[in-house]
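A.B. asks: Below is the structure I would like to discuss, written out as structure tokens.
What follows draws every value from the coordinates through simple rules; no lab data is involved. Being a predicted model, the structure only gives us computed values, none of them experimental. For neighbour counting, all protein chains shown are included, and Cβ atoms are generated from backbone atoms with ideal geometry for every residue, glycine included.
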Amino acid sequence: MEKITEFLNHHPVLSQVLSLVLTIIIALIAALILLKLSRKLFRRIRAANAKNNNINLRVFENILRFLIVFVAVLWVVMSSELTRSFGQTLFTGTAVLAAIAGFAAQPVLSDLICGFIIGSTRPFEIGNRITLDSGLSGIVQDITLRHVVLKGIDTQVYVIPNSKMNGYVIQNMSYQSDIRSVDFRFTVSFNTDPEEAARVIGEAIQESPYSVPGKKGKDGEMIYAKVYFMAFLDSALQFATTAYYEPGTPTEVFKDDINTRVKNALDAHGLEIPYAYTNVVMKE
């Protein structure tokens with residue numbers, strides 16, 4: 001042991017390298033342990049109460065992970081004389097370096113700030129199905145410090161930067177609710193009895209095995225939404241309603257079943273779904 005100490009004393013650079021390697025190993029082990037403990041902690045919180053599995057919790061979990069890694073790296077850099085000068089330059093830097101870093105980090109900082117805004121305002125939660133005004137739609141699977149992950153149809157996944165997500169108009173199909181909803185619009189010909197059309201559409205929706213009552217009635221009981229006669233279109237009468245379904249049902253399956261049932265019901269009752277047409281007047 002004395003020989004090793006004497007050898008290291010005569011070779012200070014080697015001693016510093018070995019000290020740096022040891023620090024890296026200790027920091028890596030400590031960071032992995034803390035990351036594992038934080039993962040278990042948040043998993044228990046979500047298991048204890050499903051309502052805690054919200055966007056705020058996910059954002060805080062990502063921030064904590066980032067801080068653990070950042071502190072570990074900072075400790076390694078500042079603990080050794082070999083890297084301390086580099087660390088001081090990196091974290092203090094010159095005006096030029098700061099300007100370059102600030103310019104390069106603008107998209108990152110924008111995503112981070114927008115991530116905090118989304119987490120604080122909570123326009124959606126993990127598991128909500130949302131539709132963006134850009135046309136994208138899907139189920140919110142995750143939110144990180146940089147982006148939101150949407151699960152689309154089948155294997156499609158959309159990764160959207162927080163800065164872009166914060167600027168979209170968001171249609172949330174299950175905002176602060178345990179069930180989801182979809183708006184439907186149907187058209188029938190002008191000679192159709194509006195009351196009969198509304199009844200046929202409403203019965204078809206209620207007969208779907210995926211449809212559930214989702215609106216509170218006067219007595220507080222859950223009922224199906226009413227079918228409304230909305231407008232006179234150029235060649236048809238337009239009806240609209242909201243249909244509700246459980247989160248476990250894929251939205252595409254639900255829409256397919258409702259549209260198919262309404263189409264078959266209208267055909268069975270002799271109610272015409274008109275084609276769009278244009279009148280052409282010919283003059284000599």
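A.B. asks: Among the listed pairs Lys226/Lys255; Lys40/Lys164; Lys215/Lys255; Lys151/Lys255, give every one whose C-alpha distance is greater than 21 Å. Don't jump to the answer; show the numbers that get you there.
C.D. replies: Details: Lys226/Lys255 18 Å; Lys40/Lys164 31 Å; Lys215/Lys255 19 Å; Lys151/Lys255 17 Å.
Table pairs above 21 Å Cα-Cα are Lys40/Lys164.
A.B. asks: Test of understanding: what is the full-extension gain from Lys164 to Ala48, defined as 0.36 nm times their sequence separation minus their Cα-Cα distance?
C.D. replies: On the way: separation 116, 0.36 × 116 = 41.76 nm, distance 3.31 nm.
That works out to 38.4 nm of additional length.
A.B. asks: Give the Cα extents of segment 117-214 along the principal axes, in whole Å, largest first.
C.D. replies: That gives 54, 29, 26 Å along the principal axes, largest extent first.
A.B. asks: While we're here: Between Ser235 and Phe70, take the C-beta separation as r, use R0 = 41 Å, and let me know the FRET efficiency to the nearest 0.05. Intermediate values should be presented prior to the final figure.
C.D. replies: Working: r = 62 Å, r/R0 = 1.52.
It comes out at approximately 0.05.
A.B. asks: If you don't mind, there's one more thing I want to ask. Take each of the peptides 107-114, 204-211, average the number of other beta-carbon atoms within 10 Å over its residues, and list them starting from the highest.
C.D. replies: On the way: 107-114: 15.2, 204-211: 17.1.
Highest to lowest by the protection proxy: 204-211, 107-114.
A.B. asks: Applying 1/(1 + (r/R0)^6) with R0 = 25 Å to the Cβ-Cβ distance of Asp219 and Glu246, what FRET efficiency is obtained, to the nearest 0.05? All intermediate terms of the calculation are to be shown ahead of the outcome.
C.D. replies: Working: r = 23 Å, r/R0 = 0.92.
The calculated FRET efficiency here is 0.65.
A.B. asks: Jot down the per residue volume, in cubic angstrom and as a whole number, of the convex hull over the alpha-carbon atoms of segment 122-172. Display every interim value, and only then the final one.
C.D. replies: Working: hull volume 3.5 nm³, N = 51.
Per residue, the Cα convex hull of segment 122-172 comes to 69 Å³.
A.B. asks: Distance in nm between label sites at Leu41 and Lys226, each 7 Å beyond Cα in the beta-carbon direction?
C.D. replies: That separation, rounded to one decimal, is 5.2 nm.
A.B. asks: Return one quarter of the surface area of the convex hull spanned by the alpha-carbon atoms of segment 180-268, equal to its mean projected area, in nm².
C.D. replies: Working: hull surface 24.4 nm².
With every direction weighted equally, the projected area is 6.1 nm².
A.B. asks: What distance in nm separates the two pseudo spin-label positions at Gln141 and Glu272, each 7 Å out from Cα along the beta-carbon direction?
C.D. replies: Rounded to a tenth, the inter-label distance reads 4.7 nm.
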